[in-house]
1. If you take just the strands (runs of 3 or more DSSP E) that sit entirely in region 74-119, which of them hold at least 1 residues that are within 11 Å of the ligand (Cβ to nearest atom), among the hydrophobic types (A, V, I, L, M, F, W, C) and farther than 23 Å from Lys186 by Cα?
2. Of the residues that sit in region 1-51 and are of a type in the set (Gly, Ala, Ser) and under 15 Å from Val89 (Cβ atoms), which one is nearest to the chain's Cα centre (by Cα)?
3. Which pairs have Cβ atoms under 6 Å, sit 6 or more apart or on different chains, and link a residue in region 237-254 that is closer than 14 Å to Ala222 by Cα to one that is in a helix (DSSP H, G or I) and among the β-branched types (Val, Ile, Thr)?
4. Please pick out the residue among Thr148, Thr118, Thr189, Thr203 that is touching an Asp or Glu at 6+ places or on another chain (Cβ under 8 Å) and either crowded, with 22+ Cβ neighbours inside 10 Å or without any contact (Cβ under 8 Å) to a residue 24 or more places away in the chain (or both).
5. For region 24-43, which residues satisfy the criterion of being in contact with a helix residue (DSSP H, G or I) (Cβ under 6 Å, 6 or more places away or on another chain) and within 13 Å of the ligand (Cβ to nearest atom)?
6. Look at region 120-148 and say how many of its residues are within 13 Å of the ligand (Cβ to nearest atom) and outside any strand (DSSP E or B).
7. If you take the residues in region 149-192 that are more than 12 Å from the ligand (Cβ to nearest atom) and among the charged types (D, E, K, R), which one is farthest from Glu51 (Cα to Cα)?
Amino acid sequence: MTEDRLSPLRTIVGSANVLVGPDDTAGYTEDWRKRFNGAALAVVRPGTTAEVADVMRWADETRTPVVPQGGNTGLNGGSVPLGGGEEIVVSLSRLNRVRDLDLAANTVTVEAGCVLATVQRLAADNDRLFPMGLGSDGSCQIGGNLSTNAGGTEVLRFGPMRDLVLGLEVVLPDGAVMNGLHKLRKNNTGYDLKHMFIGAEGTLGIITAAVLKLFPRPRVIATAFCGIADPADALRLFARVNDLCGHRLGAFEIISEGQMALVQRHADLVSPLASRHPWYLLVELSDPDPETPYMTSWSVCWPPPWTMAPSPTR
Ligand SMILES: Cc1cc2nc3c(=O)[nH]c(=O)nc-3n(C[C@H](O)[C@H](O)[C@H](O)COP(=O)(O)OP(=O)(O)OC[C@H]3O[C@@H](n4cnc5c(N)ncnc54)[C@H](O)[C@@H]3O)c2cc1C
């Protein structure tokens with residue numbers, strides 16, 4: 001019965017790309033922290049936008065619920081099927097081509113299954129920066145980053161994924177393809193429908209490709225690790241650094257003593273500070289101009305106790 005039902009999917013994506021049974025689907029039905037565990041009718045792995053569209057058309061006609069899945073690093077159960085085995089998982093992993101790199105427009109057009117670290121590397125290899133960085137960047141995918149409107153460590157300076165995208169290609173629930181892969185920054189025509197799909201976690205369609213913004217590569221980076229008394233200190237320091245350094249401020253992450261202890265215990269890392277503090281801050285400044293007088297700015301920011309370590313030029 002299930003085999004009959006799934007045979008159109010085998011025709012669309014090839015038998016090797018329709019996975020059934022708990023052994024083959026296990027990596028797709030459980031989340032990264034093993035907190036959410038479900039079952040799927042099948043895991044389908046399309047390799048082109050046209051295949052995604054055909055799969056969605058089939059799902060629409062057969063009234064089969066669909067769970068899109070990227071790198072499955074979302075941590076909140078959104079990427080795993082929890083509907084009692086009636087859903088199909090559409091994995092975007094095979095849709096991982098770079099379609100276009102335009103260094104004059106400073107854009108890269110990638111398919112949704114491209115791993116974030118691949119895009120970061122591609123940008124760096126071309127003397128550019130793609131400024132999204134998360135702990136999961138070696139596994140999460142651009143489609144997942146867009147669908148969760150991921151933030152990352154440079155969000156203060158560059159914004160979340162919503163601010164890093166110029167255009168999207170999306171397959172709608174009935175299989176229609178919305179092609180909005182625009183590169184133009186000054187695109188002031190009509191409604192900007194792409195924003196409906198960013199942060200929508202796959203509820204309105206499947207993102208299949210995106211035009212992403214690239215930025216100049218930083219050539220000087222300064223990192224500080226500070227011990228502070230409480231979060232109010234962090235806000236005061238934030239205001240001061242922001243005043244002095246403005247757009248050069250990228251990362252500003254607060255860490256509690258408890259979190260620090262966990263990292264030291266489980267990741268075998270040593271604190272860069274000799275003394276212990278109730279809270280810590282990790283601050284990073286960067287600039288494409290190697291002559292930027294960082295250290296002068298830094299030295300007037302805040303009195304001790306905190307240490308400051310200039311990073312090597314990247
Ligand atoms: C160590 C670690 C650190 C992290 N740090 C951060 C962080 O700093 N900031 C942050 O925002 N998140 C963070 N996350 C969470 C997670 O990595 C991000 O949310 C990431 O963007 C998810 O991408 P993914 O490809 O794994 O998506 P998945 O987990 O596979 O999917 C996430 C959601 O998007 C939907 N989806 C996936 N692909 C598509 C698509 N192509 N079209 C439509 N819908 C789709 C899924 O159905 C699901 O609802 C972290 C996770 C880990 C494990």
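The values are calculated or read from the model by the stated rules, or taken from the named source; none is laboratory data. The structure displayed is predicted, hence computed values, not measured ones. Here the Cβ is made from the backbone with ideal geometry for all residues, glycine too, and neighbour counts use every protein chain on show.
1. Ranges flagged: 88-91.
2. Let us first name the residues in region 1-51 that are of a type in the set (Gly, Ala, Ser), namely 7, 14-16, 21, 26-27, 38-40, 42, 47, 50.
Narrowing the set further to residues that are under 15 Å from Val89 (Cβ atoms) leaves 21, 26-27, 38-40, 42.
Values: Gly21: 30, Ala26: 23, Gly27: 20, Gly38: 24, Ala39: 25, Ala40: 25, Ala42: 26 Å.
Result: Gly27.
3. Leu249/Val241
4. Details: Thr118 fails: touching an Asp or Glu at 6+ places or on another chain (Cβ under 8 Å); Thr189 fails: touching an Asp or Glu at 6+ places or on another chain (Cβ under 8 Å); Thr203 fails: touching an Asp or Glu at 6+ places or on another chain (Cβ under 8 Å).
When all the criteria are applied, what remains is Thr148.
5. Gly38, Ala40, Val43
6. Initial filter on region 120-148 (within 13 Å of the ligand (Cβ to nearest atom)): 131-148.
Checking the rest, the ones that are also outside any strand (DSSP E or B) come to 131-140, 142-148.
Looking only at that region, the number is 17.
7. Per the stated criteria, the residue is Arg157.
Conditions (1) surrounded by 12 or more Cβ atoms within 10 Å (Cβ to Cβ); (2) modelled with pLDDT of 90 or more, marked per residue:
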| residue | (1), (2) |
| --- | --- |
| Ile207 | yes, yes |
| Asp233 | yes, yes |
| Arg240 | yes, yes |
| Ile254 | yes, yes |
| Gln264 | yes, no |
| Trp279 | yes, yes |
| Ser286 | yes, yes |
| Pro290 | no, no |
| Tyr294 | yes, no |
